[in-house]
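Engineer: Right, I'll just put the structure down here and ask away after.
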Amino acid sequence: MQKILLIGSGGSGKSTLAARIAARTGLPLIHLDALFWKPGWKETPREEWKQIVVELLQRDSWVMDGNYGGTLDVRLAACDGVVFLDFPPAVCLWRLLKRRVQFHYRARPDMPTGCAERLSWSFLRWIWSYRRDRRPRILQKLATVATQGKQVHVLGSSAAVEAFLTQLPMLPNDAMEPTDYAIAAQPSVP
């Protein structure tokens, strides 16, 4: 796989797994949240966002994490492999709360400066209802792309994530850079 897409509920571990895949394989890392959000949690306008995503998808290789339902179909069409992190809501909420404490009043490494970690009731509700409301449509889309020859991995546990990682090709130790891919490999998109 040269174009790997990671999707799943908030708190499922998309950004962390994407960084681990990039570090293991040497594929360029793209955190969509880092590009979509502007300082102060300002959204990129819809048409501009679609254009940014289309340009990113034209690259030869990438590991891309993020949901953004408005661009999911084009991202699924462009990838050759997709990883759906299908963790229970309680696990995702727990991870989100841990992340909130860890990055209290500051931005995570996969977010732009000026977007300090935050929580809202609407985000918590979205995570809690993700499996019930969004998962069925996502699984349908994944079944469709699997018939098109794309690799589809639905991972619902930490053990499944580790097993998936071990089957990925690994760069030789001398080729690995001591770089935090979550920061250094951000695409330069205007």
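The values are calculated or read from the model by the stated rules, or taken from the named source; none is laboratory data. Keep in mind that what you see is a predicted model, and the values were worked out from it rather than measured. Neighbour counts run over all protein chains shown; Cβ positions are idealised from the backbone, glycine included.
Engineer: Is it the case, given these coordinates, that residue 60 is charged (D, E, K, R) and assigned to a helix (DSSP H, G or I)? Lay out the reasoning, then the answer.
Structural biologist: Values: charged (D, E, K, R): yes; assigned to a helix (DSSP H, G or I): no.
Here the answer is no, as residue 60 does not meet what is asked.
Engineer: Right, next: Of all residues in region 161-178 being in a loop (DSSP other than H, G, I, E, B) and closer than 21 Å to residue 78 by Cβ, which is modelled with the lowest pLDDT?
Structural biologist: Pass one, region 161-178, residues in a loop (DSSP other than H, G, I, E, B): 167-172, 176-178.
Narrowing further to those that are closer than 21 Å to residue 78 by Cβ: 168-169.
Details: 168: 92, 169: 87.
Per the stated criteria, the residue is 169.
Engineer: Under the condition of being part of a loop (DSSP other than H, G, I, E, B) and surrounded by fewer than 16 Cβ atoms within 10 Å (Cβ to Cβ), which residue from region 69-102 is nearest to the chain's Cα centre (by Cα)?
Structural biologist: Within region 69-102, the first condition is being part of a loop (DSSP other than H, G, I, E, B), and the residues that meet it are 79-80, 86-88.
Then keep just the ones that are surrounded by fewer than 16 Cβ atoms within 10 Å (Cβ to Cβ); that gives 80, 88.
On the way: 80: 15, 88: 17 Å.
Per the stated criteria, the residue is 80.
Engineer: Give all pairs with beta carbons closer than 8 Å in which a residue from region 146-157 that is under 16 Å from residue 6 (Cβ atoms) meets a residue that is of a type in the set (Phe, Trp, Tyr) and modelled with pLDDT of 95 or more; count only pairs at least 6 apart in sequence or on separate chains.
Structural biologist: As it stands, the answer is 152/84; 153/84; 153/164; 154/84; 155/84; 155/164; 156/87; 157/87, since those pairs meet every condition given.
Engineer: Same structure again: Kindly list the number of the only condition in (1) within 19 Å of residue 155 (Cβ to Cβ); (2) in contact (Cβ under 8 Å) with a residue 60 or more places away in the chain that fails for residue 108.
Structural biologist: (1)
Engineer: Considering only residues of region 1-10 that are of a type outside the set (A, V, I, L, M) and crowded, with 24+ Cβ neighbours inside 10 Å, which is farthest from residue 85 (Cα to Cα)?
Structural biologist: Keep residues of region 1-10 that are of a type outside the set (A, V, I, L, M), which gives 2-3, 8-10.
Cutting the leftovers down to crowded, with 24+ Cβ neighbours inside 10 Å gives us 8-9.
Working: 8: 5, 9: 7 Å.
Once the filter is applied, the top-ranked residue is 9.
Engineer: Then there is this: Quick check on my filter: what residues within region 138-160 are assigned to a helix (DSSP H, G or I) and among the small types (Gly, Ala, Ser)? Let's see the steps before the verdict.
Structural biologist: Looking only at region 138-160, we keep the residues that are assigned to a helix (DSSP H, G or I), and these are 138-147, 158-160.
Across region 138-160, the qualifying residues are 143, 146, 158, 159, 160.
Engineer: Which pairs do you get when a residue that is within 10 Å of residue 145 (Cα to Cα), found in region 73-92, comes within reach of a residue that is hydrophobic (A, V, I, L, M, F, W, C) and assigned to a loop (DSSP other than H, G, I, E, B), reach meaning Cβ atoms under 6 angstrom, with the pair 6+ apart or on two chains?
Structural biologist: From residues that are within 10 Å of residue 145 (Cα to Cα), the pairs are 80/1; 81/1.
Engineer: Right, next: Of everything in region 45-56 that's without any contact (Cβ under 8 Å) to a residue 40 or more places away in the chain and in contact with a helix residue (DSSP H, G or I) (Cβ under 9 Å, 6 or more places away or on another chain), which residue is surrounded by the fewest Cβ atoms within 10 Å (Cβ to Cβ)?
Structural biologist: Step one: list which residues in region 45-56 are without any contact (Cβ under 8 Å) to a residue 40 or more places away in the chain, which gives 45-51, 53-54.
Pick out the ones that are also in contact with a helix residue (DSSP H, G or I) (Cβ under 9 Å, 6 or more places away or on another chain) and you get 46, 49-50, 53-54.
Working: 46: 10, 49: 17, 50: 15, 53: 24, 54: 13.
Here the residue is 46.
Engineer: Could you tell me how many of the residues in region 30-40 are outside any helix (DSSP H, G or I) and either buried (at least 21 other Cβ atoms within 10 Å of the Cβ) or without any contact (Cβ under 8 Å) to a residue 24 or more places away in the chain (or both)? Outline the logic, then answer.
Structural biologist: Step one: filter region 30-40 for residues outside any helix (DSSP H, G or I), giving 30-31, 37-40.
Within this subset, residues satisfying the condition of being either buried (at least 21 other Cβ atoms within 10 Å of the Cβ) or without any contact (Cβ under 8 Å) to a residue 24 or more places away in the chain (or both) are 30-31.
Count: 2.
Engineer: Take the conditions at pLDDT below 95, under 13 Å from residue 84 (Cα atoms) and surrounded by 15 or more Cβ atoms within 10 Å (Cβ to Cβ) and apply them to residue 181. Does it pass?
Structural biologist: Values: at pLDDT below 95: yes; under 13 Å from residue 84 (Cα atoms): no; surrounded by 15 or more Cβ atoms within 10 Å (Cβ to Cβ): yes.
Taking the combined requirement at face value, the residue does not satisfy it.
Engineer: Here is a further query. Scanning for something touching a Gly at 6+ places or on another chain (Cβ under 7 Å) and free of Cβ contacts under 8 Å to residues at least 60 places away in the same chain, does region 12-29 turn up at least one residue? First the steps, then the outcome.
Structural biologist: So in region 12-29, the residues touching a Gly at 6+ places or on another chain (Cβ under 7 Å) come out as 14.
Going one step further and asking which of them are free of Cβ contacts under 8 Å to residues at least 60 places away in the same chain, we end up with none.
Scanning region 12-29, I find no residue that is touching a Gly at 6+ places or on another chain (Cβ under 7 Å) and free of Cβ contacts under 8 Å to residues at least 60 places away in the same chain, so the answer is no.
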